[in-house]
Amino acid sequence: MGERPSPSLRSSLIESIAAIKTLADKAFVSVESIVRQSKNRPEEYLTECKSVRKSVPNSWNTAGHEIVLKGRKQKLSGVNLTWEVLKAFLGEGLFSKFHSLCISLLGYSCLSERAENVLEKLSDINDNPEVQNFIEECKTNQKTPMAHILSGTTISAAFNQTSNVLVRRTVPKGIETIARIDGTIFIPMQESDLSRIQFSSATFLEGGMAWISSVEDFSDNLILGCVKPVE
């Protein structure tokens, strides 16, 4: 309606316009997609597998890679542990202590080496009192995944499950089963509202396309069989 679209199901820097949101709340929807019917299953729309952009709650990387702790091969799922990830996870103070620990025990800065290689080396000498003290400090500061790695215990996807969001790495695309839903949205308007649609209106919206097909006089028959939209 001549304005930039504002999402209603997530936060955005683009604030919604109250007058447009009020119109949307009055809308009716008629879904015209084919529905699959079965005796033993509820009705469902026809689906297909497609490469799609994944939503945030379903986009954490779960692919595993190998890491050697205390001489044993283990699987680290979800995130490659780089120095940037460790710094974001530990915080400035604890990361500074970890860097000092590396210099003290390995004799060099280590930042030019792969972080996971350094973690493997420290896990080999985790009986050292300095390493033990750092492990306990990680536990005290609720950085248990780091303590698990240095202790050489199973870690699974611990970083993805408990880390700060800055640490997580998402998968922007993936294969999902989706249902294509076609239909018509009817929005009751006053004469004064029609001036807003005389100019450009958004066509590509999040999750699909929408366009203005016509303007018609209202009647009950027009919205027969329609329902109110739900989130």
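State yes or no: is F98 part of a helix (DSSP H, G or I) and either within 16 Å of S151 (Cα to Cα) or not assigned by TED's automatic domain parsing to the domain that holds T153 (or both)? Answer is yes for this residue. The residue of segment 80-139 that is surrounded by the most Cβ atoms within 10 Å (Cβ to Cβ), among those that are in contact (Cβ under 8 Å) with a residue 12 or more places away in the chain and among the polar types (S, T, N, Q), is S123. I'd like to know if segment 9-29 contains one or more residues that are polar (S, T, N, Q) and modelled with pLDDT under 70. Within segment 9-29, one or more residues are polar (S, T, N, Q) and modelled with pLDDT under 70. Scan segment 35-51 and tell me whether some residue there is modelled with pLDDT under 80 and under 21 Å from the mean Cα position of the chain (by Cα). Yes, segment 35-51 contains at least one residue that is modelled with pLDDT under 80 and under 21 Å from the mean Cα position of the chain (by Cα). Within segment 142-152, is even one residue free of Cβ contacts under 8 Å to residues at least 60 places away in the same chain, assigned to a loop (DSSP other than H, G, I, E, B) and either under 26 Å from the mean Cα position of the chain (by Cα) or surrounded by fewer than 18 Cβ atoms within 10 Å (Cβ to Cβ) (or both)? Yes, segment 142-152 contains at least one residue that is free of Cβ contacts under 8 Å to residues at least 60 places away in the same chain, assigned to a loop (DSSP other than H, G, I, E, B) and either under 26 Å from the mean Cα position of the chain (by Cα) or surrounded by fewer than 18 Cβ atoms within 10 Å (Cβ to Cβ) (or both).
The values are calculated or read from the model by the stated rules, or taken from the named source; none is laboratory data. If you're wondering where the values come from, they're calculated on a predicted model, not measured in any experiment. Cβ atoms come from the backbone with ideal geometry, glycine included; neighbour counts cover every protein chain shown.
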